[in-house]
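The values are calculated or read from the model by the stated rules, or taken from the named source; none is laboratory data. Owing to the predicted nature of the structure, the values given are computational and were not obtained by experimental measurement. When we count neighbours, we look across all protein chains shown, and the Cβ atoms used for this are built from the backbone with ideal geometry, even at glycine. For accessibility, only protein heavy atoms count, side chains too; no ligands or nucleic acids. Shrake-Rupley method; radii C 1.70, N 1.55, O 1.52, S 1.80 Å.
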Amino acid sequence: MEIKVFETMQDASVAGAEIIASAMKGAGHFVLGLATGSTPVPLYRELARRNKGGELDFASVHSYNLDEYVGLDGSHPQSFRYFMDDNLFHHINIDPANTHVPSGTGGDHEADARAYDEMIEAEGGIDLQVLGIGNNGHIGFNEPDSVFHAGTHVVDLTDSTIDANKRFFERREDVPRHAITLGMGGIMRAKKVILLAFGAVKADAVRALVKGEVDPQCPASILQLHRDVTLLLDRAAASKL
Ligand code: F6R
């Protein structure tokens, strides 16, 4: 695991964009795994800037997002589909048909979850996965648990996650209680992983990810077993390493 610490989240995000740009260079068909939340916003801004400047071409990129709230469709401003359109897809030359976010509104979540994994598999897996990390160590919406879940699945969100995400909603009661998330199998099969974390609020989770046991109580700790992970941190997030 490579750990890079930067003065600002902007610097870390530029470094993240650089890693993505190098991986995409000359690749042709490229499968990009994406995250939502506050953390990747400056990264997405930098990717959009490079695309606008003609340095980075998304025409052959197929994207797969990690997760979606159950019950919110893409027209809901707090849905992750809406977030991605708003923060990235509408600002780059990706074909909208090649952008994928799990559906949280289908009638059969289990079938949707299986179909999502099969689509990624059919693409040859994820070439590069972008991750954030929850204050409780979650990646995607793989919450602390007694086991690691391999496939895409529906999760009950923990109180910690509901508290962390209520800032995006009018009231805590409005935060959905369930989400559909890519499992650890999909994440661990990604050829390359970059994880960004900013702020003191992430310091404990980052410490557990790097220095703790590989333990499903800190889902991100499984990344210790991945052979190509780069952490891009600001000083505050790295402060307990
Ligand atoms: C969202 C996701 C989550 C977030 C995490 C951190 O797609 O994968 O694991 O990365 O909850 O969220 P922020 O960046 O808002 O602190």
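Taking each DSSP H run with n ≥ 4 as -39500 (n - 2.57) and averaging over every residue of the chain yields -8500 deg cm²/dmol at 222 nm. Just checking the listed ones, 151, 74, 54: in the Gaussian network model of the chain with Cα springs under 10 Å, the one fluctuating most is 54. Quick one: accessible area per residue over segment 1-135, 1.4 Å probe, rounded to a whole number of Å²? About 44 Å² of surface per residue is accessible.
Please compute the net charge surrounding residue 239, taking Lys and Arg as +1 and Asp and Glu as -1 over other residues with Cβ under 14 Å from its Cβ. Don't skip to the answer; put the middle values down first.
Details: positive: 202, 207, 211, 235, 240; negative: 7, 204, 234.
Taking every Cβ under 14 Å from that of residue 239, the sum is +2.
Please list 75, 38 from largest to smallest accessible area, probe radius 1.4 Å, with all protein chains kept in place. It would help to have the intermediate numbers written out before the result.
Working: 75 90, 38 55 Å².
Descending accessible area places them as 75, 38.
The stretch between residue 228 and residue 4, if pulled fully straight at 0.36 nm per residue, gains 79.3 nm over its current Cα-Cα span. Between 187, 19, 139, the Gaussian network model of the chain with springs among Cα atoms under 10 angstrom shows the greatest mean-square fluctuation at 19. Here the Gaussian network model covers the chain, with springs between Cα atoms less than 10 Å apart; of 186, 53, 137, 53 fluctuates the most.
Summing Lys, Arg as +1 and Asp, Glu as -1, what charge do residues with Cβ under 14 Å from the Cβ of residue 218 carry, residue 218 excluded?
Details: positive: 202, 207, 211, 240; negative: 143, 145, 204, 213, 215.
In short, -1.
Surface composition of the chain: carbon and sulfur atoms hold 49% of the protein heavy-atom accessible area at a 1.4 Å probe. Remark: spin-label model distance residue 41-residue 108 equals 3.9 nm, labels positioned 7 Å along the Cα→Cβ axis. Applying 1/(1 + (r/R0)^6) with R0 = 35 Å to the Cβ-Cβ distance of residue 119 and residue 156 gives a FRET efficiency near 0.90.
For segment 132-241, the gyration tensor built on C-alpha atoms gives an oblate shape. Its axis ratio a/c (a ≥ b ≥ c) is at least 1.5, and a/b is not larger than b/c. If R0 equals 22 Å, the separation of the Cβ atoms of residue 240 and residue 189 corresponds to a calculated FRET efficiency of about 0.15.
Ignoring ligands, DNA and RNA, how do 119, 84 rank by accessible area with a 1.4 Å probe, largest first? If you can, show how the numbers build up before the last one.
Details: 119 75, 84 0 Å².
Result of the area sort, largest leading: 119, 84.
Length gain on complete extension for the stretch residue 22 to residue 97, per 0.36 nm per residue less the alpha carbon to alpha carbon distance? Could you put the intermediate results ahead of the total?
Values: separation 75, 0.36 × 75 = 27.00 nm, distance 2.41 nm.
So the chain would gain 24.6 nm between residue 22 and residue 97.
For the chain, rounded, prolate or oblate, judged on the Cα gyration tensor with a ≥ b ≥ c (square roots of eigenvalues), a/c < 1.5 rounded, else prolate if a/b > b/c? Let's see the in-between values first.
Working: a/c = 1.29, a/b = 1.03, b/c = 1.25.
Because its axes are fairly even, with a/c under 1.5, the chain counts as rounded.
For segment 179-241, a/c is not less than 1.5, where a ≥ b ≥ c are the root eigenvalues of the C-alpha gyration tensor, and a/b tops b/c. That puts it in the prolate class.
Beyond 19 Å in Cα-Cα separation lie the following of the pairs 166/202; 25/191; 4/192; 4/25; 52/192; 4/166: 4/25; 52/192; 4/166. Amide H to amide H distances under 5 Å link residue 129 with 33, 192, 193, 194, where only residues 5 or more positions off or on other chains count and H is placed in the peptide plane.
Applying 1/(1 + (r/R0)^6) with r as the Cβ-Cβ distance of residue 213 and residue 60 and R0 = 35 angstrom yields a FRET efficiency of 0.30.
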